[in-house]
Amino acid sequence: MELDKFSYDNKIVKAFIIATVIFGLVGMLVGLTAAIQLFYPIVNFDLPYTTFGRIRPLHTNAIIFAFVGNAMFAGVYYSMQRLLKTRMFSDGLSWIHFWGWQSIIVAAAITLPLGFTTSKEYAELEWPIDIAITLIWVVFGWNMIGTILRRRERHMYVAIWFYIATFVTVAVLHVVNSFAVPVTWMKSYSFYAGVQDALVQWWYGHNAVAFFLTTPFLGLMYYFLPKAANRPVYSYRLSIVHFWSLIFIYIWAGPHHLLYTALPDWAQSLGTVFSIMLIAPSWGGMLNGLMTLRGAWDRVRENPVLKFMVVAVTAYGMATLEGPLLSLKNINAITHFTDWIVAHVHVGGLGWNGFLIFGILYWVVPRMWATNLYSTRLANVHFWLGTLGIIFYALPMYVAGVVQSLMWKEFNPEGFLVYKNFLETTIQIIPLYMLRAVGGALYLTGAIIMTYNLIKTANAGKFIANEPAEASPLAVVPKVASGGWHHQVMESKPVLFTVLTFVAILIGGIVEIVPTFLIRSNVPTIAAVTPYTPLELHGRDIFIREGCVNCHTQMVRPFRSETERYGEYSKAGEFVYDHPFLWGSKRTGPDLHRTSGKYSDSWHYNHMLAPDAVSTGSIMPPYPWLFEQTIDLDETAGKISALRKVGVPYPDGYEGQANEDLMKQAKNMTENLGMEGIEVIPESEIIALIAYLQRLGKDIKAEKVAEK
């Protein structure tokens, strides 16, 4: 029998590897800068483009989509060709995918510091870039499915299952979460409002972690770990249970990010139940990975590739145990909004994703350049620097989370809050922020050493652009009995497999999201809640642009410690005109949902100009440009029109008088400030921002007055 002769495309893998390393270093450097800003505010540089609020989403996008994303594509393109015994379906599609993805990353790197953001976590990019992401994702899927259909291997290996699930689910998540009404080329309003927007966002946000940072890397684990260990996967049956249970259960768990919020209680409970269930499939995958190394543990001590992979799989197991535990309401009440969550996320990001990527790069690069790794010793140095970096990062953040929670909730014997001033907590944990930065610096140093090691390795060898291979045509490949015949049928029918995967991931989303939109009682209205005035609307958009939601929540939970500090707990009906919602996920500063009337306009003015002068010890940066820039009155009509399209009840034709109302409110505010010796023009951005801050919680106060 004559074998088919063909070649594997290593050039596309090389391109994604180079992008992985470059963007990895950039993303880590931006993250380290953001970490330093939290204890040394001068590093914000008093520039609008370099504040924490703007570079924090730049860091998360660079790490998730540029570093991890490019590494995922490199690993998929390398492993898929070899698992399916064929070249990628189209070299042209591969390169469209590569350059399209890098263009998206560059667009994100430009627009986020400029303040073009939706504010939705891990989905901050504005609508034109969202469309580009959709198109490039389709190109990736087209190339992947085409490759599967032209395979020379009858059954799809477990790694391919996870790749298929990644493509299908990320497509659904991205499209549904990105629905928005454009205002300008780089400004839009979310199609959803308030509670609905929060549910859709964290359905997306949690599952972006699940299906972008987890499932594809489980596929890579199932390929590269056995290869590096030269051992077969421990259990085929366990991989079947792992895959189907994981993708079905994961999609339900998003609401655990919204416990004790205004989200309906039934949705919160569903998120908790399915989060706890996630422990079983997650640990099944971890054990399948670690047990693959049985009989090879002596090599782990000597082989840096296996060291990285063992720690990566272990970090995956720890993070996927901690996540479900954090979804328990009694634990969530302590940890949510604190730095504990930051530690949890980075155990997964630095340990699971980062270390698995490092292990893969150390294994792949010598083979693609037909040489040996330049320095095993440097790889070991990198391993220990990275491990110490994770420890120095995570442990201080765990301690900071405990300190924050205890201080926020402590009452004295008389029943009063001991730490009424939120800033006391912030000052207490600054040394822990410093230690976190040390950990980040160690981790980045290790990545720099790896870069040098890989460059020297490549220079010592000769790149194999088209790696020759041969295999039997699919028509003559015999069926192999390996147990689980019913699953083998699906493995040999990729279209059926893809459809069943789609159905499995769709059920949870439909059950959780649809009732929230169709059952009106899930989001009861409040008569006193009215749409934002035009001036407040401009101020809200400035709040979004500056990334204030990265440090301040707008969600008072029903705990006595919070109602004593902030005021009445938040109600679902208060957010019906919020496009997007701004509940936040981390309190570096105090909650703002009841800030109306708490401080004078002049206090807000001076606080934005020089935070430390108003609140001694504040780590908030100043915003001098807000006093120099003016709002664009030409955009007011477009904003009113766009919000009316998504259900905000502005009267027909209000666009024509909106700016008149805006100037009336602004002039009234400037006159009041003038009486305190502060001269500022009505069109100033600071006036709009103050108007928005003074609106937060005002409707509920108005309702109480009406009741009296």
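The values are calculated or read from the model by the stated rules, or taken from the named source; none is laboratory data. Here the structure is a predicted model, which means the values were calculated and not measured. No Cβ is skipped: glycine too gets one built from the backbone with ideal geometry, and neighbour counts run over all protein chains shown.
Some notes on this structure:
- Scanning region 566-612 for residues that are within 24 Å of Tyr419 (Cβ to Cβ), under 30 Å from the mean Cα position of the chain (by Cα) and among the hydroxyl-bearing types (Ser, Thr, Tyr) yields a total of 6.
- Condition check for Thr563: hydroxyl-bearing (Ser, Thr, Tyr) and either over 27 Å from the mean Cα position of the chain (by Cα) or surrounded by fewer than 18 Cβ atoms within 10 Å (Cβ to Cβ) (or both): yes
- For first residues located in region 375-401 and part of a loop (DSSP other than H, G, I, E, B), partners that are buried (at least 18 other Cβ atoms within 10 Å of the Cβ) and lie 6+ apart or on another chain with Cβ distances below 6 Å form the pairs Ser375/Asn453.
- All positions within region 285-299 that are surrounded by fewer than 14 Cβ atoms within 10 Å (Cβ to Cβ) and in contact with a Lys or Arg (Cβ under 9 Å, 6 or more places away or on another chain): Arg294, Gly295
- Subset of region 616-645 that is of a type in the set (A, V, I, L, M, F, W, C) and in a loop (DSSP other than H, G, I, E, B) - its residue that is farthest from the chain's Cα centre (by Cα): Ile631
- Subset of region 1-56 [part of a helix (DSSP H, G or I), among the charged types (D, E, K, R) and in contact with a Phe, Trp or Tyr (Cβ under 8 Å, 6 or more places away or on another chain)]: Lys14
- Test for Val305: is it modelled with pLDDT of 95 or more, over 21 Å from His242 (Cβ atoms) and either in a helix (DSSP H, G or I) or over 20 Å from the mean Cα position of the chain (by Cα) (or both): yes
- Per-region count, region 71-93, residues part of a helix (DSSP H, G or I) and among the polar types (S, T, N, Q): 2
- Search result, residues across region 138-178 that are in contact with a helix residue (DSSP H, G or I) (Cβ under 7 Å, 6 or more places away or on another chain), farther than 17 Å from Trp127 by Cα, part of a loop (DSSP other than H, G, I, E, B) and of a type outside the set (Phe, Trp, Tyr): Arg151, Arg152, Glu153, Arg154, His155, Met156
- Region 360-398: number of residues that are within 30 Å of Ala34 (Cβ to Cβ) and either touching a Leu at 6+ places or on another chain (Cβ under 9 Å) or surrounded by fewer than 24 Cβ atoms within 10 Å (Cβ to Cβ) (or both): 24
- Of the helices (runs of 4 or more DSSP H) that lie entirely inside region 179-296, those containing 2 or more residues that are in contact with a His (Cβ under 7 Å, 6 or more places away or on another chain) and under 30 Å from Thr335 (Cα atoms) span 194-212, 265-277, 279-291.
- Residues (in contact (Cβ under 8 Å) with a residue 60 or more places away in the chain, aliphatic (A, V, I, L, M) and either in a helix (DSSP H, G or I) or touching a Ser or Thr at 6+ places or on another chain (Cβ under 8 Å) (or both)) located in region 409-438: Leu417, Leu423, Ile427, Ile430, Leu432, Met434, Ala437
- Residue match in region 215-237 (condition: buried (at least 23 other Cβ atoms within 10 Å of the Cβ), among the hydroxyl-bearing types (Ser, Thr, Tyr) and more than 16 Å from Ser79 (Cβ to Cβ)): no
- Test: residue in region 49-59 that is touching a residue at least 12 places away in the same chain (Cβ under 8 Å), touching a helix residue (DSSP H, G or I) at 6+ places or on another chain (Cβ under 8 Å) and among the small types (Gly, Ala, Ser): yes
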